[in-house]
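Written below as structure tokens is the structure these notes are about.
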Amino acid sequence: PAETVAAVLSAEPDVNARDLFDRTPLYVAAAAGAEPPVLRALLEAGAKVDLRGDRGYSPLLLAAERGDRENVKLLLSYKADIKAAEDWLNRYFDTSDKAVRSALNQLKQLGQSRLSIDLPDISDSLDAARTFKLGREKAGK
């Protein structure tokens, strides 16, 4: 999957474009529980980490809701706004609900910890996709 994303990103699409449901590629990837290298490729290509989608969720909230701890760490390493996520949960959800309290507690803990995440480097895949694209462009001329 990360290699496929790298190939698509080599065409330099608008990584913050929205679909008919007002969702960005990063939002969809977080909602689907994509592997961290997929999210990382989108972020490295310029995806804005805090753009909300059709339900008002940010990619950080979607990853937290799914329990995707590695994606949460990754999004936070790209400066996802924990405070905005906490405020949103407090404003729109029943904070007496156990799941909401748990999510708020996890966000608080993550906000207080120093995060580091080591993910595979997909630079070689991106370079190969760019080289392939250039070869096709030259052959078509």
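The values are calculated or read from the model by the stated rules, or taken from the named source; none is laboratory data. In this text, all values refer to a predicted model and were calculated from it rather than measured experimentally. Quick reminder, even Gly has a Cβ in these numbers, built from the backbone with ideal geometry, and neighbours come from all protein chains shown. Protein only, heavy atoms only, side chains kept; ligands, DNA and RNA dropped before computing areas. Shrake-Rupley method; radii C 1.70, N 1.55, O 1.52, S 1.80 Å.
Residue check: is residue 40 open to solvent by 50 Å² or more (accessible area, probe 1.4 Å), more than 25 Å from residue 131 (Cβ to Cβ) and basic (Lys, Arg)?
On the way: open to solvent by 50 Å² or more (accessible area, probe 1.4 Å): yes; more than 25 Å from residue 131 (Cβ to Cβ): no; basic (Lys, Arg): yes.
Considered against the rule, which asks whether it is open to solvent by 50 Å² or more (accessible area, probe 1.4 Å), more than 25 Å from residue 131 (Cβ to Cβ) and basic (Lys, Arg), residue 40 comes out as no.
Go through 46, 53 for me and flag whichever is buried (at least 17 other Cβ atoms within 10 Å of the Cβ), at pLDDT below 95, within 19 Å of residue 13 (Cα to Cα) and of a type outside the set (A, V, I, L, M).
53
Being without any contact (Cβ under 8 Å) to a residue 60 or more places away in the chain and either within 11 Å of the chain's Cα centre (by Cα) or under 30 Å from residue 126 (Cα atoms) (or both) is the requirement here; does residue 79 meet it?
Working: without any contact (Cβ under 8 Å) to a residue 60 or more places away in the chain: yes; either within 11 Å of the chain's Cα centre (by Cα) or under 30 Å from residue 126 (Cα atoms) (or both): yes.
Spelling it out, residue 79 is indeed without any contact (Cβ under 8 Å) to a residue 60 or more places away in the chain and either within 11 Å of the chain's Cα centre (by Cα) or under 30 Å from residue 126 (Cα atoms) (or both).
Taking the condition touching a Ser or Thr at 6+ places or on another chain (Cβ under 9 Å) and either within 23 Å of residue 29 (Cβ to Cβ) or in contact (Cβ under 8 Å) with a residue 40 or more places away in the chain (or both), does residue 61 pass?
On the way: touching a Ser or Thr at 6+ places or on another chain (Cβ under 9 Å): no; either within 23 Å of residue 29 (Cβ to Cβ) or in contact (Cβ under 8 Å) with a residue 40 or more places away in the chain (or both): yes.
No.
Have a look at 116, 102 and point out the one that is at pLDDT below 85, over 16 Å from residue 29 (Cβ atoms) and outside any helix (DSSP H, G or I).
Result of the check over 116, 102: 116.
Considering only segment 11-36, how many residues are out of contact with any Leu (no Cβ under 6 Å at 6 or more places or on another chain) and either at pLDDT 90 or above or open to solvent by less than 40 Å² (accessible area, probe 1.4 Å) (or both)?
Summing the residues that are out of contact with any Leu (no Cβ under 6 Å at 6 or more places or on another chain) and either at pLDDT 90 or above or open to solvent by less than 40 Å² (accessible area, probe 1.4 Å) (or both) in segment 11-36 gives 15.
Just for segment 56-78: of the residues that are open to solvent by 70 Å² or more (accessible area, probe 1.4 Å) and not basic (Lys, Arg), which one is nearest to residue 103 (Cα to Cα)?
Among those residues, the one meeting the criterion is 65.
Does segment 76-95 contain any residue that is closer than 16 Å to residue 28 by Cβ, among the acidic types (Asp, Glu) and part of a helix (DSSP H, G or I)?
No: segment 76-95 contains no residue that is closer than 16 Å to residue 28 by Cβ, among the acidic types (Asp, Glu) and part of a helix (DSSP H, G or I).
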